[in-house]
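Before any comments, here is the structure.
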Number of protein chains: 2
Amino acid sequence: MAATIKDIAKLAGVSTATVSRVLAHKTAFFSAATAQKVQAAAATLGYQKNTAAAELVTRQSHVIAAVVNSTKTNFASQIIEGIQAEAHRHDLNVIILYAGDADAEQQRRALMTVIERPVMGILLLSVDLAAENLTLLQQSQLPYCFLSISFDGERLPYITSDDWQVGYLATQALLDQGHRRIGLAGVDSDFHTGRLRVLGYTQALKNAGITAAPDWIQLGNYSYAAGQTAMRAYGAKTSLTAVVGASDMAAIGVMNQARDLGLAVPTDLSIIAIDGTELCSLVQPSLTSVSQNFYEMGIAGVQQLRAKEALPQKITPIQLVNRQSVRRLNGDRK
Amino acid sequence: MAATIKDIAKLAGVSTATVSRVLAHKTAFFSAATAQKVQAAAATLGYQKNTAAAELVTRQSHVIAAVVNSTKTNFASQIIEGIQAEAHRHDLNVIILYAGDADAEQQRRALMTVIERPVMGILLLSVDLAAENLTLLQQSQLPYCFLSISFDGERLPYITSDDWQVGYLATQALLDQGHRRIGLAGVDSDFHTGRLRVLGYTQALKNAGITAAPDWIQLGNYSYAAGQTAMRAYGAKTSLTAVVGASDMAAIGVMNQARDLGLAVPTDLSIIAIDGTELCSLVQPSLTSVSQNFYEMGIAGVQQLRAKEALPQKITPIQLVNRQSVRRLNGDRK
DNA sequence: GCACTTTACACAAACGTTTACAATAGCTTT
DNA sequence: AAAGCTATTGTAAACGTTTGTGTAAAGTGC
């Protein structure tokens, strides 16, 4: 139905080879006159290139696939904007795939969709790949890089913040404001990221001569619900004066639950969030945060894919952003 | 580098035709014995199918492209989940493309990425296509459907809520609670969607014998900032007792700005949001909303693409969800 | 006017699949 | 035992491109 270069060739009275060269702007391969004819023919036929066919013969693709896990937290869009920006600079296209939350089967489908087609590389945003799917990915021989997630033993390529620093910096910020009883809410301890944040948190406290009571750390999956649950566990008469939320969502969960328990933020309880997405400034009071540089992660991810030699890991900077959810503690409360 | 069916054919000692048939499970075309051999060969070679090549000859694709505009508001993920669910039911894959906000060039790139490749159809989520890009889309001959956006004159296929009803229902809900001075904040009047909402709003007031003062309607682009700006325009001593936010984001903008102006929600000002995404329950007080059924839009969109005969438009239901941001007005305030 | 280079184009193979058609072998019928 | 099936497999064309090689015509230098 749709016009092909064959149709153009016929209409312009040249060979398909010439058409291809003209359309690809391979100058010094054709005269201005034929270029004219070809362009005209293409225009009247409403020609649309079939890039898939072209990629088949050139054996190279210009599309980057970004695989995201369904957004329990919401930083993905910032990473994607970074990816888009850098991709555009190098004339690459970006397609995005949803891989669901923890459903290995859905992950597999997303992965297959891109592996079976020509893509130049795969970026995985905070997706914790099931073992069999990781094998799939590696078998595909395609360049790939994990973003905003880290791994312990295996030497997988990833780009993320220094999660130990994240935990440390958040905790230290609260210590600096005079807090000494500090919780950590909604963090996950099954994966490397969460474990590192806990370690950073613990170390900061230790440096200040404080030992975290076991119930100060409430585990969870970084979600809003996890934050709520954690705060419910702390209770209305908690001895804590501050809480580190494992993510923006978790911090909001903590904050809303605290309010429901009759605790005002930051008067009765200070909160600091980890991530620093736009959500932090949407809520009231706005949330002080340890902000990750998601945009740069996206950029670095694309660069990683383009690089011949993969240097396997990279750390992006973090930054404390002061907003309204942390109160300076002068004397002792309680 | 990667193994092809040719390699499998050689290893298994059969023709590529047979390999293809075995791998495609075209039963009754081969014996169990050869199937065995082929499968084994495929496994040892780590064969990955090149679907692009297959799609080239079969001239049909199993992927649906969803084009989203960068998320100023955030309902896209719900629509996408609907798309995914329905697509999965029919063995279709989904890829997502970012088309930016209002940058025609970025739109074009996103569109081209999919038009030039084999896709079975295109879903456009709330993207307001530049005229030249619409032409591009239509030239491609691909099935397409707009979601969560409507058009006036042109007969384009779209699926969305009844925007007049949305405006009407939100306003009526406030009238039912005794409000009579009601603003509309952050709505856009350049496009059909916004105009319809304004009309519904105006009609509801009119039915109650109220004429909206010109400054009750504050135009904007549905964003958080638009909500803030609107509220700033109303001012601290506004005579309004309630405001309809044009989107969840806009409503939050109104609410936070109101608080900054010293107005408590809902005590001093009631707010109702349009969209009803999860954001509504994240903020405090949670936002009463006219909720759209985004998930169903996604489902309907996929069905539309699959349908032979396109019935061009479809309306999905809406629903009032009561939360905490609307106060019942008994006597008159002011 | 010869040898040589350049310019401008066409031919045809290749990319990795699917599938219509042909071909072979073994059975069944008669 | 000839004819006709059926089951299984192979051959080769096709999808829409790109690109190496070939070649005729035109231009250049002597």
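Kirkwood Rh, chain B, all Cα pairs: how many Å?
That comes to 22.4 Å for chain B.
Taking every alpha carbon pair in region B:46-190, what does the distance histogram look like in 5 angstrom bins from 0, in percent?
2, 8, 15, 18, 17, 13, 9, 6, 4, 3, 1, 1, 1, 0
Note down the magnitude of the dipole of chain A about its Cα centre, charges +1 on Lys and Arg C-beta and -1 on Asp and Glu C-beta and zero elsewhere, to the nearest 20 debye.
Here the size comes out at about 620 debye.
Along Cα-to-Cβ, 7 Å out, sits the label point; list in nm, shortest first, how far the one on residue A:236 is from those in the other copies.
3.3
Run the simple label-point estimate for residue B:190 and residue B:2 please: 7 Å along Cα→C-beta, distance reported in nm.
For the pair residue B:190/residue B:2, the computed spacing is 4.2 nm.
Report Rg/Rh for region B:47-133, rounded to two decimals, where Rg is the Cα radius of gyration and Rh the Kirkwood radius.
When Rh is taken as the Kirkwood radius, the ratio is 1.01.
Can you pick out the pairs among B:6/B:37; A:6/B:6; A:6/A:37; A:49/B:10 whose Cα atoms lie more than 25 Å from each other?
The answer is A:6/B:6; A:49/B:10.
Quick one: divide the alpha-carbon radius of gyration of region A:163-292 by 2.2 N^0.38 Å and tell me what you get.
This ratio for region A:163-292 stands at 0.91.
Chain B: longest stretch without exposed GluC sites (Glu not before Pro) (DSSP loop, at most 10 other Cβ within 10 Å), sites themselves excluded?
It runs B:155-308.
Got the residue B:36 label distances to the other copies yet, label 7 Å along Cα→Cβ, in nm, shortest first?
6.9
Run through the other copies and list how far each one's label point is from that of residue B:89, in nm with one decimal, shortest first; the point sits 7 Å from Cα along Cα-Cβ.
From this label point to the equivalent ones elsewhere in the assembly: 4.4 nm.
Between region B:276-334 and region B:80-137, how far is it from one alpha carbon centroid to the other, in angstrom?
So the separation of the two Cα centres works out to 23 Å.
Angle between the Cα long axis of helix B:192-207 and the longest principal axis of chain B, 0 to 90 degrees, nearest 10?
30
What do you get for the angle between helix A:32-45 and the principal long axis of chain A? Use alpha-carbon atoms, 0 to 90 degrees, nearest ten.
The angle comes out at about 70 degrees.
Can you check how the C-alpha radius of gyration of region A:146-203 compares to 2.2 N^0.38 Å, as a plain ratio?
My calculation over the Cα atoms of region A:146-203 gives 1.22.
On a 0 to 90° scale, report how tilted helix A:76-89 is relative to the longest principal axis of chain A, with both axes built from alpha carbons and the result rounded to the nearest 10.
The angle comes out at about 30 degrees.
Of all beta bridges DSSP finds with both residues in chain B, what is the antiparallel percent, to the nearest 5?
Restricted to chain B, the bridges split so that about 10 percent are antiparallel.
How large is log10 I(q)/I(0) at q = 0.08, 0.11 Å⁻¹ when the Debye formula is applied to the Cα atoms of the protein assembly as shown, each weighted equally and without solvent?
-0.70, -1.18
Per residue, how much accessible area does the protein assembly as shown have with a 1.4 Å probe, in Å²?
43
The values are calculated or read from the model by the stated rules, or taken from the named source; none is laboratory data. Keep in mind it's a predicted model, so treat the numbers as computed, not measured. Positions of Cβ are generated from backbone atoms using ideal geometry, with glycine treated the same way; all protein chains shown enter the neighbour counts. In case anyone asks, the SASA skips ligands and DNA or RNA and just uses the protein heavy atoms, side chains included. Shrake-Rupley method; radii C 1.70, N 1.55, O 1.52, S 1.80 Å.
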